[in-house]
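Read through the structure below, which is laid out as structure tokens, and then see the notes.
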Amino acid sequence: MNIEDYGFTADLEKNLPEGISARVLAAHRDRYELVCEHGFCSGRLKAGAYHNGQTELFPTVGDFVALRYSGEGDSMMVATLPRRSLFTRRDPDKGRGEQAVAANFEHVFILQSLNHDFSLPRLERYLILSWQSGAQPVVVLTKADLVEDAVPVILKAEAVAPGVAVHAISAATGRGLEALTPYLAPGCTAVLLGSSGVGKSSLVNALLGEERMAVKAIREDDSRGRHTTTHRQLIHLPGGGMVIDTPGMRELGMWDVSAGMGSAFGDVEQYLGRCRFSDCRHESEPGCAIQGAIARGELAPARWESYQRLLREALYADDKAAYMQARVHWAKDIQRRGRHRKKP
């Protein structure tokens with residue numbers, strides 16, 4: 001087995017402390033499915049290497065690890081190699097801290113269906129998370145066979161995703177699937193991000209050319225369905241590329257996303273810091289760069305509103321205490337300005 005077929009590169013070799021390199025294909029509670037030069041195997045964490053408080057190093061699907069290979073029974077994972085990209089969430093068991101969900105992918109396929117599932121606010125949120133991961137987002141509009149004309153929705157998606165490719169595809173008919181081929185070149189990995197029933201399993205089956213992933217019918221009244229992936233897994237495709245699907249992707253939180261906000265809302269942030277007053281609230285102050293851009297038609301009001309909403313969500317997720325304190329100050333400021341306006 002050639003581990004390079006699974007994305008291993010020479011630059012990772014210098015970070016291998018001992019043993020051989022392996023990639024995590026699936027993650028269960030205390031056991032991992034791996035691939036290495038000896039083929040497929042199972043592995044466990046070496047307690048002394050991982051259970052020392054450094055939880056951010058716990059491996060996840062897509063990770064490359066240093067492995068003490070055993071031809072009989074479980075091999076031992078002794079270290080996690082440096083990551084190129086990473087999706088994380090708050091640890092659902094501990095309520096705090098960071099848990100890795102997927103690692104080492106070049107692209108994020110943001111899936112939204114062209115039926116009732118399509119949502120611009122959700123798309124903006126997923127774009128922030130994708131940019132924050134360190135990978136390149138790609139918007140994939142699924143179920144193109146269910147609509148007569150996908151162009152209006154494509155234009156809406158492009159408006160909130162500057163610099164991001166948008167593709168309309170149908171896993172049922174194969175329409176548009178060839179557009180995804182460049183992102184799935186040999187050794188390259190894409191992670192799937194989208195809500196339940198959006199068609200992730202159907203897309204994987206179409207890329208595989210076989211019905212390997214379970215698919216459940218969606219409800220006709222709201223076009224929603226249940227998530228059919230039961231565990232995190234990396235799937236190797238016939239063309240040499242790979243995809244990662246995981247149920248944990250539904251629970252990613254908007255926390256620590258400063259880099260993602262800047263990339264997803266570059267059209268908004270270019271005006272920040274250009275106001276006449278350094279403490280501008282971007283409301284009705286003279287010389288406000290934000291309001292000036294809106295008045296000139298350079299910035300859509302909806303984009304500014306989305307930016308503020310998602311910024312508040314990120315602040316709340318990152319530090320609830322600081323968010324609530326900011327809300328109190330904001331309310332007091334409104335009252336103070338109201339009293340000032342009432343004075344003759």
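The values are calculated or read from the model by the stated rules, or taken from the named source; none is laboratory data. All of these numbers come straight from a predicted model, not from anything done at the bench. Cβ placement follows ideal geometry from the backbone for every residue including glycine, while neighbour counts extend to all protein chains displayed.
When Ile218 is tested against (1) out of contact with any Ser or Thr (no Cβ under 7 Å at 6 or more places or on another chain); (2) at pLDDT below 95; (3) buried (at least 20 other Cβ atoms within 10 Å of the Cβ); (4) not in a loop (DSSP other than H, G, I, E, B), only condition (4) is not met. Of the residues making up segment 6-30, those that are surrounded by 12 or more Cβ atoms within 10 Å (Cβ to Cβ) and more than 24 Å from the chain's Cα centre (by Cα) are Asn15, Leu16, Gly19, Ile20, Ser21.
Looking only at residues that are hydrophobic (A, V, I, L, M, F, W, C) and part of a loop (DSSP other than H, G, I, E, B) in segment 141-161, which one is surrounded by the fewest Cβ atoms within 10 Å (Cβ to Cβ)? Even if it seems obvious, please write down each step before you answer.
Going residue by residue through segment 141-161, those that are hydrophobic (A, V, I, L, M, F, W, C) are 141, 144, 146-147, 150-151, 153-155, 157, 159-161.
Those left that are additionally part of a loop (DSSP other than H, G, I, E, B): 147, 150, 161.
On the way: Val147: 17, Ala150: 22, Ala161: 21.
The qualifying residue surrounded by the fewest Cβ atoms within 10 Å (Cβ to Cβ) is Val147.
Suppose the filter is touching a residue at least 60 places away in the same chain (Cβ under 8 Å) and closer than 27 Å to Ala314 by Cα; does Leu141 pass it? No.
I'm trying to understand the selection: among the residues of segment 91-111, which are farther than 15 Å from Val191 by Cβ and either part of a strand (DSSP E or B) or at pLDDT 95 or above (or both)?
First pass over segment 91-111, keeping only residues farther than 15 Å from Val191 by Cβ: 91-99.
Within segment 91-111, Glu98, Gln99 meet the criteria.
From the list Gly240, Gly292, the one residue that fits, being at pLDDT 90 or above and in the same structural domain as Leu193 (by TED's automatic domain parsing), is Gly240.
Looking across segment 108-134, the residues that are crowded, with 22+ Cβ neighbours inside 10 Å and within 10 Å of the chain's Cα centre (by Cα) come down to Val108, Phe109, Ile110, Arg125, Tyr126, Leu127, Ile128, Leu129, Ser130, Trp131, Gln132, Ser133.
Of all the residues in segment 165-192, those that are surrounded by fewer than 20 Cβ atoms within 10 Å (Cβ to Cβ) and assigned to a loop (DSSP other than H, G, I, E, B) number 10. Applying a threshold of 6 Å to beta carbon distances and a minimum spacing of six or more residues, or different chains, the list of pairs starting in segment 103-129 at a residue that is at positive phi and ending at one that is buried (at least 22 other Cβ atoms within 10 Å of the Cβ) and at pLDDT 90 or above reads Asn104/Gly62.
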